[in-house]
1. Across the range 111-170, which residue is farthest from the chain's Cα centre (by Cα) among those that are buried (at least 16 other Cβ atoms within 10 Å of the Cβ) and of a type in the set (S, T, N, Q)?
2. Under 7 Å by Cβ, and 6 or more places apart or on different chains, what pairs join a residue from the range 73-92 that is touching a residue at least 12 places away in the same chain (Cβ under 8 Å) with one that is among the basic types (Lys, Arg)?
3. For the range 57-77, which residues satisfy the criterion of being of a type in the set (D, E, K, R) and within 15 Å of the chain's Cα centre (by Cα)?
4. Among the hydrophobic types (A, V, I, L, M, F, W, C) and in contact with a strand residue (DSSP E or B) (Cβ under 7 Å, 6 or more places away or on another chain): is that true of residue 201 in this structure?
5. Out of everything in the range 184-227 that is aliphatic (A, V, I, L, M) and not in a helix (DSSP H, G or I), what residue ends up being nearest to residue 118 (Cα to Cα)?
6. Restricting to helices (runs of 4 or more DSSP H) lying wholly in the range 3-110: which have 2 or more residues that are farther than 21 Å from residue 220 by Cα?
7. Give the range 15-48 a look and list any residue that's among the small types (Gly, Ala, Ser) and surrounded by fewer than 14 Cβ atoms within 10 Å (Cβ to Cβ), or say none.
8. Collect the residues in the range 141-183 that are under 18 Å from residue 201 (Cβ atoms) and part of a loop (DSSP other than H, G, I, E, B), keeping them in residue-number order.
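Each reported figure results from applying straightforward, stated rules to the coordinates on display, with no laboratory input. Since the structure is predicted, the reported quantities are computational estimates derived from the model, not experimental observations. Cβ: placed from backbone, ideal geometry, glycine included. Neighbour counts: every protein chain shown.
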Amino acid sequence: MNDELYAPNGNILRELTALREAFRLPRFWLQTRHKLPRGQRRVLVIPGFGTGDGSTLVLRATLRSLGYDVHGWGLGRNGGQVEQLLPRVAEVVRTAAVDGPVHLVGWSLGGYLAREVARDNPEHVRQVITLASPIIGGPKYTAAARYYRDRGVDLDAIEAKIEARNATPLRVPILALYSERDNVVCPGACIDHHNPEVDHVRVNDCEHASFGFNPGVLGIVAERLATMAHL
């Protein structure tokens, strides 16, 4: 894996190829989905920047069909205001964990939010699964970097705040999925060098925009949930 950090640019149109995953879904649902392990634990799915629960519909429907008690975050569109969102997401997690720790799955920025909520509230989180999530640098190593810089946002200051939070170690299991084909988040920014117990899985043939409905990703998430549910 190339750990070089950079802000992706010029390749966003390639994300349109993610649409081909939609054509693979019928075969996945008819031939593969029923072979995946089932579970009954509660799962909370957090969407990425600029999206809401609608973007995770396929992922949630797949897990629900496998027996999981799956919920969206219910906070509308993810506007990216991390400091304001963290306490709100934490409250959603605490409410969902009334009967025991919940499993968190977060796509892109949603994965970062899931990690940070788990860092602050480990007693309410069984595990975190991140999908193409920039856990290093905030927006600095994403395709949105120029957008923020043009609006006067100090990306170096955000990166420093994120690094400071790493002084508090994560105490829940983490699975981090990433792809070298990601044109939105630098793959190297998805790698956690602070917590060596984090499991990293590279997903081939998957763009950033298809992590929520790529059959390979859906299978990995289902397998991980089933494994952790029995430990």
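1. Among them, the one singled out is 121.
2. As it stands, the answer is 75/88, since those pairs meet every condition given.
3. So the first thing to find is which residues in the range 57-77 are of a type in the set (D, E, K, R), and the list is 60, 64, 69, 77.
Matches in the range 57-77: 60 only.
4. Values: among the hydrophobic types (A, V, I, L, M, F, W, C): yes; in contact with a strand residue (DSSP E or B) (Cβ under 7 Å, 6 or more places away or on another chain): yes.
Against the criterion (among the hydrophobic types (A, V, I, L, M, F, W, C) and in contact with a strand residue (DSSP E or B) (Cβ under 7 Å, 6 or more places away or on another chain)), residue 201 qualifies.
5. From the range 184-227, those aliphatic (A, V, I, L, M) are 184-185, 189, 191, 198, 201, 203, 209, 217-218, 220-222, 225-226; that's our starting set.
Cutting the leftovers down to not in a helix (DSSP H, G or I) gives us 184-185, 191, 198, 201, 203.
On the way: 184: 24, 185: 22, 191: 17, 198: 13, 201: 20, 203: 24 Å.
The extreme case among them is 198.
6. Correct list: 82-96.
7. Kept after step one, since they are among the small types (Gly, Ala, Ser), are these residues of the range 15-48: 18, 22, 39, 48.
Matches in the range 15-48: 22 only.
8. So in the range 141-183, the residues under 18 Å from residue 201 (Cβ atoms) come out as 170, 172-182.
Scanning the range 141-183 gives 170, 172, 173, 179, 180, 181, 182.
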